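The values are calculated or read from the model by the stated rules, or taken from the named source; none is laboratory data. Just so it is clear, the model here is predicted, and its values are computed rather than measured. Cβ: placed from backbone, ideal geometry, glycine included. Neighbour counts: every protein chain shown.
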Amino acid sequence: MFKKIFYLLPIIAVFIFTGAGCIIKSSSAIGDTGMFMSIDKGDKWEAASVMPTAEGMSTIAQTHIYKMFDDPSDTNAYYLGTRGQGLYYTYNSGISWNKVTAEQVVNKFIYALAVDPKDKCNIYASDGTHIYKTKDCSRTWELIYTEERVDQKFASLAIDYGSGAIYAAEQGGDIMMSVDAGKSWAVIKRFDMPLKDLQIDPLTPARIYVAAESGGLFRSDNAGLDWVNLNEGLNKFNDSKKFFRLALNPAMPDGIFWISKYGILKSDDAGVNWTDLRLLTPPGAVSIYGFAVNPNNQNEIYYTGSILDDKNNPVKSTFYKSSDAGLTWVTKKLPTGSIPVVIKVHPQKDNILFMGFALLN
């Protein structure tokens, strides 16, 4: 079955290769959304959209990707949260996808998801207002928490690799924690600003990073009891608090990347001090939604720069690649003119890249 699906992939895939820099000047040439895959580190791309169903072969080519989530215990398993089209997953590194058909998540906007690092069948997901849990690898889901306050919405979920505690960040500023697999929850911190992301360092259990929408970065080293404001270092860079992405360095303890309107900042001491990568795009020129570092080669860095119009339609998107830790960059072709929002490097087969696309309006 694996080989049959693999050979069908080029048939279903749609190839839309534009010129250098991938300049898209007309919304009529926007192209496909969904997932694409490269097996040569971004030189060429093909659609990774095959979805076998009981009725026959289908596709996820027109899904609008919001986030891509890892399974810590399975390097071939990934989950896609979409913008109002539900939840998808793959167990074979994107060769084929499955749609979660449970009524709790089907056709929902999936804001957040976390896979238990000690049991891959325990998964938590949120549509913003609710937190759902499956204990049987997405076959059935149950509601475990509902947020009744209209000014709150779950933006991120994460599980501590050591204690197994579950953390949830809400857009209104609250950080919640559960120590009993989601049966009960408690607010452990209230930030007075909108939050966008929460990540737990897999190399340092009990270390939590929280990113605010425009209020900077915070860190806790004791499971959320105390917090360190990391904005002193960020304040040296204009527009660095306008957050796009936070990326932990999977190969370096204390290593993190902060992607903002300024550009890409790197810290090797858990966010105390920062250096900026010298990009081809000047500070503030583009929105960087896609970013990744090869976990097996720290010199290989990828990012996308997008320019949007006042209605969030794509005007121009470009894919950048560095093989020398950001000293020099080259541009590569993108397979579609939609907005690249996700880049992922396969942790074992690092010649394989994934890229997810969406429209934001």
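Structure notes:
- All of (1) closer than 19 Å to residue 281 by Cα; (2) of a type in the set (Phe, Trp, Tyr); (3) under 16 Å from the mean Cα position of the chain (by Cα) hold for residue 319 with one exception: (3).
- In the stretch 319-335, residue surrounded by the fewest Cβ atoms within 10 Å (Cβ to Cβ) [restricted to those that are in contact (Cβ under 8 Å) with a residue 60 or more places away in the chain and outside any loop (DSSP other than H, G, I, E, B)]: 331
- Selection within the stretch 149-196 - of a type in the set (S, T, N, Q) and without any contact (Cβ under 8 Å) to a residue 60 or more places away in the chain: 152, 156, 171, 178, 184
- A single member of 144, 166, 200 is surrounded by fewer than 22 Cβ atoms within 10 Å (Cβ to Cβ), among the hydrophobic types (A, V, I, L, M, F, W, C) and either out of contact with any Asp or Glu (no Cβ under 9 Å at 6 or more places or on another chain) or under 20 Å from residue 120 (Cα atoms) (or both), and it is 144.
- Filtering 40, 70 for residues that are modelled with pLDDT of 95 or more, out of contact with any strand residue (DSSP E or B) (no Cβ under 7 Å at 6 or more places or on another chain) and either outside any loop (DSSP other than H, G, I, E, B) or among the charged types (D, E, K, R) (or both) leaves a single hit, 40.
- For residue 304, the conditions (1) assigned to a strand (DSSP E or B); (2) surrounded by fewer than 16 Cβ atoms within 10 Å (Cβ to Cβ) are fulfilled apart from (2).
- Looking across the stretch 88-125 at every residue that is assigned to a loop (DSSP other than H, G, I, E, B) and hydroxyl-bearing (Ser, Thr, Tyr), the one that is farthest from residue 48 (Cα to Cα) is identified as 111.
- Top-ranked residue of the stretch 90-116 - restricted to ones that are more than 25 Å from residue 198 (Cβ to Cβ), of a type in the set (A, V, I, L, M, F, W, C) and touching a residue at least 40 places away in the same chain (Cβ under 8 Å), ranked as surrounded by the fewest Cβ atoms within 10 Å (Cβ to Cβ): 95
Residue by residue, here is whether (1) touching a residue at least 60 places away in the same chain (Cβ under 8 Å); (2) out of contact with any Ser or Thr (no Cβ under 7 Å at 6 or more places or on another chain); (3) in a loop (DSSP other than H, G, I, E, B) holds:
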position	(1), (2), (3)
244	no, no, no
247	no, yes, no
272	no, yes, yes
278	no, yes, yes
281	no, yes, yes
292	yes, yes, no
295	no, yes, yes
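- Top-ranked residue of the stretch 344-361 - restricted to ones that are part of a loop (DSSP other than H, G, I, E, B) and hydrophobic (A, V, I, L, M, F, W, C), ranked as farthest from residue 42 (Cα to Cα): 360
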